[in-house]
Every structure is written in C-alpha cells, then in structure tokens.
Protein chains: 2
Amino acid sequence: MRTQPTRFVFLGLALLLIAVGSTDVRAADSLPSWNDGPAKQAIVELVRVTTDRASPKYVPPEQRIVTFDQDGTLWVEHPLYTQVIYCLERVPAVVKEKPELKDKEPFKTVLSGDREAIAKLPLKELEEILAATLTGMSVDEFQAEVKKWLATARHPRYQRPYTELTYQPMLEVLKLFRDNGYKTYIVTGGGQDFVRVYAEQVYGIPPEQVVGSVSGTKYGYDKTGKPFLTKEPKLLLNDNDAGKPEGIHMMIGRRPIAAFGNSPGDQQMLEYTTAGDGARLGVLVLHDDAQREYAYGPAQGLPDSKIGTFTQALYDEAKKRDWVVISIKKDWKRLFPFDK
Amino acid sequence: MRTQPTRFVFLGLALLLIAVGSTDVRAADSLPSWNDGPAKQAIVELVRVTTDRASPKYVPPEQRIVTFDQDGTLWVEHPLYTQVIYCLERVPAVVKEKPELKDKEPFKTVLSGDREAIAKLPLKELEEILAATLTGMSVDEFQAEVKKWLATARHPRYQRPYTELTYQPMLEVLKLFRDNGYKTYIVTGGGQDFVRVYAEQVYGIPPEQVVGSVSGTKYGYDKTGKPFLTKEPKLLLNDNDAGKPEGIHMMIGRRPIAAFGNSPGDQQMLEYTTAGDGARLGVLVLHDDAQREYAYGPAQGLPDSKIGTFTQALYDEAKKRDWVVISIKKDWKRLFPFDK
C-alpha cells in the first residue's frame, strides 16, 4: 500500500501534463488551412456557441448533427462527378459480360471513347449506363468493384487517385465538428452504396452516416442457400433538392445544426437546416479558383457549368438568408492534403 | 506548487476507488433479470468473444452492430400492436376534422367501438385507417400527437402506459451491448416515425438508430415561407421479412453481429445476420408465459395467434440454424421494469 500514493503522484503529474497539453490543442487553430475571414469565423463560432454549456445556444450532444454534400463540397467534382466516371469506365467490363450491348447505344458511344459524343449523351441514355453499371450485381460484388477501381483510377488533371482530391480545409472542418461531439453525415446526390465504400477511410465517416441516393436491394439466396442482396434499378430516394431534407428525415430523423453544400441541389437542405430554432449555419462553397482547381458559376460572373453549377439565384438566396459563401480562392490557404 | 502532489494523491486515491468500483461492476451480473441457462449464456458469450482483443472472434468497435425487432421482442405486442391501437384511437379526431368520413367504412366500424367487428376488418380497410391516421400531417404535428397519446393511453390488461411495457431482461441486453461498444438498432415492421418518438427515452436508442417501415415525406413551405415535411401515403420500405435485411443495408450499411426477433417477419434478418463471418448470434423470443404475459405460437403447441405469431416452421429453423430461443417463462426472472 505504501507505494500506491507515490504511483498516483506520478499519475497525477501525467494527468496534469495531458490536461495542459489538451488545453494547448484546443487553443491552437483547429482550421489551419483556412485564411482568417468571415467563413472561418462563422464555422468556429457556431461550434463554440453550440458546445459551450454557458451559452444560451448550447446544443446537447445527441442533437449535434452536421451534414455535408460530397461532390464539390468535400471533393473535386470537375470535369465530371467521380461516380459517373466510374460508370463510364465500367462499360467495357459490362459489355464483355453482355456482348449484345456492344453495338447498342449508348454503350457504343461510350466504348468509342469519343469524349465530345459522350458529353452529349441525353440524360435518358446516361441513366441506362448508370443502371447497367450500378445495379444487377450483389452488394458485395459492387463494393469489391468500386474498391478495385478507386485503387487504380486517376483524375485526368491531377493524375492522382480521386480519393486524394478531398479538400484539406473541409477535412479540418469535419474533424473540428467531431472533436466537439458532432456526428458528421454525408448527404449526397451520389449513390449511397458508392460513397460508403470509401467514406470511412477518406472522411472518417462510417457507412451508417452516409445518406445518398438510394436504389432498392432485393434479398435472395445463392446456390448454397447463403443469403445475399442484389442491387435493383429501383430508385427509392433521389437525394437532391427536396430529396435532401426528405432523406435527412428518413435516415437521421433529426434536423441538422449545420449544413454544407455548393449547388442548387443543396438549397433545400440548407433551408431546412437553418429554419430550425437556435444557432444554425448554412454554408456554400463557391469554386472560383481556376488556378488551383476550377472556376464555375454562373454566379458572380464565373463561367457557366453543367456539373455542380452555382447559380446567381442561389448566391442571392445565400445573401438573403445569411448563409456563408466560401471563396476557395480567398478562404482556403491550402487546398489538398498533398499540397505543401 | 507544493500543494499539487498532495492534490493528485487524493485524485489518485479517488481513481483507485473508481477503478475498484468499475471492476466490481464488470464482474457483477450484467443480466440480473435472467435465469441462468443457455439463452443468457449465449448472449454473454457473444459479447465476450467479440470484444476481447485476445479472442480470434474479436470485432473492431465500428463493426459492432446489433439489431432488435420491437413488437414482441422489446415490448408487449398483445392484444394488438401498440401503433395499431394508436391508429384506431386516433379515428375520432380524424373524423372530427373530416366529418364526411363518419358514415363511411371502415371509419364507421371503428367509431362503433365494436371490438369484434374491428378485429374482423379486412387488411385493405385497416390500411385505410393507417393511411388516414399516419399520413397527411406534418412530421412535427405527428410527433406531437403520438407524444400526447402515449402520455395518456393505457394497456387494457396492465393499465399502464405502453412505454412501461418493455421487457426488463431486454433492456439489460441493450445496455450490455452498449456498454461493450455496440451500436444498438431497432429494426421494426412498425412505422419508423412512430417508434422514433419514444425510442430514445424508452430504450436509449436515438432516432438515427431506429429502422422501421418508411413512408415518404414531401418537402414544402408554410404561409410564412418556413419549410416543413408532410408525411405521405407512399411506402418506401416495408420493414418486414426480406424488407428487414434490405432496410438494414439501406439504413446501416453493415451486417449486424447479432439480431433479436420473435416472429417469421424477423427470419430473414436473423438469416442475414448469422450468415456473416466470425461470431454471430440469432435470438428469438417465445411468448410462453400466459400468467405474467401472453402465450402464443402456434410453435410448441402454444395457442395460435394473429399478432406476432411464432410458427413451428420458424421454431424448426431456429433449431436447424442454432438460433437461440428465449422462453419467457423459463429464462426471464423479472419481466417488466415495474416488477419487484
């Protein structure tokens, strides 16, 4: 027994060091890749007022929900959404299994590799490509295919895996929220099953916190009687526009405290989020940095874009509703994790 | 500085007491309302082998998912599912708002209070009642109505609020799993929005961990421009039978390590769960205690039942697949939290 107090003196001193250490961490800048400005300030302030017990805007931990769109908000969406590139690059494998598709449109055009012709495919034909490459296989097979593709595919401009093209400032925001007791959710128009393959590794977001467009699955048994789920071409949730708050209600059942997006497909999510009582925050990313990334609007006179457009109407709505607009050019000091 | 070591001696002693205390807690019986037997043993053993780092069946914390059916598994489902009682008891209020329904079937029969006639309503007419009482209002209105009803409604036999008719042994199982790093989910055929109203308070299960039958919602704006969600009569997921593994994939995206149910509607969930690699557990509750609760099968010669039936085929399947069958009579020492 005589040694116990001594041991706890050391333990106590260790605790003191840890305490001092963690005070340092908290005091240090949790968003080092952000330039000082209203965007950074609004995010840090929201976290502060909702987690400080003395604040009138304090939010109990179980209600701390924050949602993030993915394409154009957490990672690069130009020149084309990553999942669409996956679908296009899967076409040869699909045609190999079903040779009768080889001379049929839209498969023929995709196989031709003619980028201009592919870009001109009407929506209905693009949907045929998505259905052929995202459904009809088991959930396990799909996950394995996506994982394999992600390991080798490279972004045409950066020549890096797509999973490296996440925005360092947003990774810091995810961490800041999580370190303060928030559950971070992805709420994406992309396929839920697609994003779940890498979300945990890339963003630290587990599958159950990925809300996306949902296709139904069908339960069945293989030859040995083992059950498995097949991905069906039956859309249960189109997680865009009004589908975002609808999907948030279905999958989470609570209104977020803060929401991040970058295009009109995120507007209803931000409306729904910021219409709640107490402290709320809506944030939009404006891609205005052609040098380091891409510049597209057409808000604020930026070039128009088909992918992840940021309309002037959305920009005006943001000003009207006090949503924060992030300028990549001005607000983000460092863009990608691999940037020095 | 001289006082610091002394303070930490006291802190150290306090820590020592806490440590001794928590060892005691861990060593103590975490399922005190269970009689010793194979059911209790199987549950405790599953938790042990999946959380002991030295075990070959160790499961990392993020994969620790356990799912529970609700009606007949976590709380009483006789003489009728609680949500159906809610719907029937809401009919007068619905008719008051829409007097034209008063003389129309099936509303007329429900208003008559004739229990035999109500019990004989065909499924299609019952569905009309469900649609009229569960949809057409805003999500906020619905939550407020359910909350109000739960506060005053009483179970006909026990004369207690339905939310008190949870099984104490299962509350202990929920806690045991959670204390060991598991996320506990409800996976119910009941309405997701209904169960979410009370799941946090009653079971300690937050809304985002309640998977149930899902009706779509529709996003819109009130007169002041404030957005809200309306419950629509559009079934997106029937969370019964094959719908349970399909719902688990949609809402969680991981295969559970253990699953608890009590009727054929849970069979596919148990199949899917126990078909996974490593340690898995399927458990079914058999209601065989007419004295303390209800006795119904028709498995094992128990009286047949329309509500939460336990077929002999399910019983045989359980034996074949090594699923655990809980006998309420033999395995549960104490039934309800209010029992002494």
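Mind listing just one residue for me: the one in segment B:252-285 that is in a strand (DSSP E or B) and open to solvent by less than 10 Å² (accessible area, probe 1.4 Å) and, of those, farthest from the other protein chains (Cβ to nearest Cβ)?
B:Val285
Within segment A:232-246, is even one residue closer than 21 Å to B:Ile65 by Cα and touching a residue at least 24 places away in the same chain (Cβ under 8 Å)?
Within segment A:232-246, none of the residues are closer than 21 Å to B:Ile65 by Cα and touching a residue at least 24 places away in the same chain (Cβ under 8 Å).
Can we say A:Ala93 is small (Gly, Ala, Ser), farther than 30 Å from A:Trp332 by Cβ and within 28 Å of the chain's Cα centre (by Cα)?
When the stated conditions are applied, A:Ala93 passes them.
So B:Pro245 fits all but one of (1) open to solvent by 40 Å² or more (accessible area, probe 1.4 Å); (2) farther than 17 Å from A:Ile252 by Cβ; what number is the exception?
Of the numbered conditions (1) open to solvent by 40 Å² or more (accessible area, probe 1.4 Å); (2) farther than 17 Å from A:Ile252 by Cβ, the odd one out for B:Pro245 is (1).
Name the single residue that is nearest to B:Ala258 (Cα to Cα) among those in segment B:151-171 being open to solvent by 20 Å² or more (accessible area, probe 1.4 Å) and in a helix (DSSP H, G or I).
Filtering segment B:151-171 for residues that are open to solvent by 20 Å² or more (accessible area, probe 1.4 Å) and in a helix (DSSP H, G or I), the one nearest to B:Ala258 (Cα to Cα) comes out as B:Leu171.
Go through segment B:238-251 and give me each residue that's more than 14 Å from A:Pro206 (Cα to Cα) and either at the interface with chain A (Cβ under 7 Å from one of its Cβ atoms) or in a helix (DSSP H, G or I) (or both).
Correct list: B:Ala242, B:Gly243, B:Lys244, B:Pro245, B:Glu246, B:Gly247, B:Ile248.
Collect the residues in segment A:88-121 that are open to solvent by 100 Å² or more (accessible area, probe 1.4 Å) and within 22 Å of A:Gly136 (Cα to Cα), keeping them in residue-number order.
If the condition is that a residue be open to solvent by 100 Å² or more (accessible area, probe 1.4 Å) and within 22 Å of A:Gly136 (Cα to Cα), then A:Glu89, A:Lys96, A:Glu97, A:Lys98, A:Glu100, A:Lys102, A:Asp103, A:Lys104, A:Lys108 are the ones that fit.
Of everything in segment B:206-231, what is farther than 14 Å from B:Gly190 by Cβ, of a type in the set (A, V, I, L, M, F, W, C) and either out of contact with any Pro (no Cβ under 8 Å at 6 or more places or on another chain) or more than 8 Å from every other protein chain (Cβ to nearest Cβ) (or both)? Give them in sequence order.
B:Phe228
Among the numbered criteria (1) without any contact (Cβ under 8 Å) to a residue 24 or more places away in the chain; (2) of a type outside the set (Asp, Glu); (3) surrounded by fewer than 20 Cβ atoms within 10 Å (Cβ to Cβ), which one does B:Ala199 miss?
(3)
Assess whether B:Lys234 counts as being within 14 Å of chain A (Cβ to nearest Cβ), surrounded by fewer than 18 Cβ atoms within 10 Å (Cβ to Cβ) and more than 20 Å from B:Asp339 (Cα to Cα).
In short, yes.
The values are calculated or read from the model by the stated rules, or taken from the named source; none is laboratory data. On a predicted model such as this, the values are computed, not experimentally measured, just so you know. In this analysis, Cβ positions are derived from the backbone assuming ideal geometry, glycine residues included, and neighbour counts consider all displayed protein chains. The area values use the complete protein model at the heavy-atom level, side chains included, leaving out ligands, DNA and RNA. Shrake-Rupley method; radii C 1.70, N 1.55, O 1.52, S 1.80 Å.
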